[in-house]
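Right, one structure below, let's go through it.
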Amino acid sequence: MGNVKIKICGISDGTAMDAAIDAGADYAGLVFYPPSPRHIGSNDAALLAERSARRIARVGLFVDADDTQIGDAVAAGRLDALQLHGSETPGRAADLRARFGLPVWKAIAVSSASDVERAEQYAGAADLVLFDARTPKGTLPGGMGLSFDWSLLRHYRGSLPWGLAGGIAPANVAHAIAQTGAPLVDVSSGVESASGVKDPARIKAFVSAVRKG
């Protein structure tokens, strides 16, 4: 599984950023969604961008954000990709990709096979779909440690590149990849010691579990 890409999402301080880079993760996720305990503002985003420079790709996570919010985050965090985690339509995804000239990742909330099939609507609009667990109504759209039935992805043959998120941790990521064949895994709460607090040891363990299979 050495070729599986790894994203550590919800990085909000320099210690976590250094841990992700030192462990060998491919992407650092920066959350620009105020209700989240992992939310960062423009000043922190700029500091993290300066700290990480070209050593890791930075993906900004947004939930139904407007163009101004996204534009400010792109500039501050020197983002390499946009991750849309709300109710953004294929049209909105395509518009943002054209406006900012960055790859767009669209999170798809999954609780049934029909949700997986819905990902195909984003072909031609997004660059990657990220299958995540559907969270209860009124809660955060991700980062809650919930997983879904990974067997739903066992025979997935969509036209878009894709990744797996939701309930993944060092102890189960190898199983998750074996079950789904995921080419990318995205972890947040699974490498935390408390809500919003990344644990460098868990980040290292997660990356090691993926790389060693």
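Mind putting a number on the dipole of the chain about its Cα centre? Charges go on the C-beta only, +1 for Lys and Arg and -1 for Asp and Glu, and I need it in Debye to the nearest 20. Write down the numbers at each step before the final one.
Working: 22 positive and 22 negative charges, 109 e Å.
The dipole of the chain has a size of about 520 debye.
Gain in length, residue 15 to residue 51, computed as 0.36 nm per residue apart minus the alpha-carbon separation, to one decimal in nm?
On the way: separation 36, 0.36 × 36 = 12.96 nm, distance 1.02 nm.
Gain on stretching residue 15 to residue 51: 11.9 nm.
Beyond 24 Å, what share of the Cα-Cα pairs of the chain is found? Please give it as a whole percent. Don't jump to the answer; show the numbers that get you there.
Working: 8030 of 22578 pairs.
I get 36 percent for the Cα pairs in the chain exceeding 24 Å.
So for 155, 39, 85, what's the accessible-area order with a 1.4 Å probe, most first? Could you put the intermediate results ahead of the total?
Details: 155 145, 39 75, 85 20 Å².
Final ranking, largest accessible area leading: 155, 39, 85.
Could you give log10 I(q)/I(0) at q = 0.12, 0.15, 0.22 Å⁻¹ for the range 1-85, computed by the Debye formula over C-alpha point scatterers of equal weight, without solvent?
Rounded to two decimals, the profile gives -0.30, -0.47, -0.98.
Pairs of lysine in the chain with Cα under 21 Å and at least 8 positions apart or on different chains: total?
For the chain, qualifying lysine pairs total 10.
Name the long-range amide H neighbours of residue 5: under 5 Å, sequence gap of 5 or more, or other chain; modelled H, no Pro or chain starts.
184, 185
Apply 1/(1 + (r/R0)^6) to the Cβ-Cβ distance of residue 69 and residue 154, taking R0 = 30 Å, and write down the FRET efficiency to the nearest 0.05. Show your work: numbers first, answer last.
Numbers: r = 37 Å, r/R0 = 1.23.
Given R0 = 30 Å and the Cβ-Cβ separation, E is 0.20.
Order 204, 198, 212, most accessible first, counting only protein heavy atoms with a 1.4 angstrom probe.
Values: 204 145, 198 20, 212 165 Å².
Highest to lowest solvent-accessible surface, that is 212, 204, 198.
Once the other residues with Cβ under 11 Å from the Cβ of residue 3 are scored (Lys, Arg +1; Asp, Glu -1), what is the net sum?
Details: positive: 5, 211; negative: 26.
Net of charged neighbours comes to +1.
Keeping every protein chain in place, order 153, 61, 146 by accessible area at 1.4 Å, biggest value first, i.e. largest first. Walk me through the numbers on the way to the answer.
On the way: 153 0, 61 20, 146 65 Å².
Solvent-accessible surface, decreasing: 146, 61, 153.
The values are calculated or read from the model by the stated rules, or taken from the named source; none is laboratory data. Quick caveat: nothing in here was measured; it's all calculated off a predicted structure. Using ideal geometry, Cβ is built from the backbone for each residue, glycine included, and neighbour counts are taken over all protein chains shown. Surface areas here come from the heavy atoms of the whole protein model, side chains and all, with no ligands, DNA or RNA. Shrake-Rupley method; radii C 1.70, N 1.55, O 1.52, S 1.80 Å.
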